[in-house]
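The numbers here are math on the coordinates, done by the rules we state, and not lab data. Just so you know, these numbers come straight off a predicted model, no measurement behind them. All Cβ positions, even for glycine, are placed from backbone atoms using ideal geometry, and neighbour counts span all protein chains on display.
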Amino acid sequence: MEQDWEIQEGSCYVALTTDHLHVQPIMDKVKHPGAGAIVLFAGTTRDNFAGKPVKELQYSAYNKLALRTMMSIAKDMVAKHSLKGIALIHRLGTVPVGEESILIALSSPHRQAAWRAGEEALEECKAKVEVWKREEFEGEEGVWRANRDGIMGQKISGPEEKGQDVVEEP
């Protein structure tokens with residue numbers, strides 16, 4: 001792998017990476033003999049947003065804080081939904097169209113809890129994790145936005161525009 005930042009605490013695993021995301025390793029992190037269900041979500045860069053052709057997305061993070069926030073979300077999901085395991089991994093750097101920027105895997109004794117927890121974990125990550133997204137459109141200047149899907153919102157300053165270091169070790 002190119003560069004990873006990760007934390008494992010009990011049944012919770014969180015990571016940031018500059019490498020391509022792979023499904024099987026994250027599913028292996030949540031396998032448990034008491035789990036009857038594993039749910040996996042893969043967030044993928046699509047080729048358009050609000051009618052504009054997307055060239056790629058670029059993600060930056062405040063790594064130490066993002067990992068702590070992701071771990072807090074993971075622990076909350078385990079407690080609330082009685083999960084056997086949860087893994088959250090977010091890709092940083094350039095993510096071309098068709099490639100994954102986030103994987104969320106969770107296991108639970110029954111599928112209903114896993115489905116609910118997966119959706120909730122994704123929404124919590126989008127709302128709280130210290131990750132910034134720069135949308136690069138064909139033929140236009142890129143725009144930094146909060147990492148929230150479906151919301152045009154206002155342009156926000158990304159870490160580079162504020163002169164912040166965006167690659168930190170945990």
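The distance linking segment 74-101 with segment 55-72 is 11 Å (Cα centroid to Cα centroid, whole angstrom). For E6 and A50, the FRET efficiency from 1/(1 + (r/R0)^6), where r spans their Cβ atoms and R0 equals 35 Å, is about 0.55.
With a Förster radius of 41 Å applied to the beta-carbon distance between V23 and E140, the computed FRET efficiency rounds to 0.80. Look at V14, V95 and count the other Cβ atoms within 10 Å of each Cβ; fewest to most, that gives V95, V14. The slack in the chain from R116 to A79, taken as 0.36 nm per residue of separation less the alpha-carbon distance, amounts to 12.0 nm. Gain on full extension, evaluated as 0.36 nm per residue between V97 and A37 minus their Cα-Cα distance, stands at 18.7 nm. The calculated Kirkwood hydrodynamic radius for segment 4-146 is 15.4 Å, given to one decimal from all distinct C-alpha pairs.
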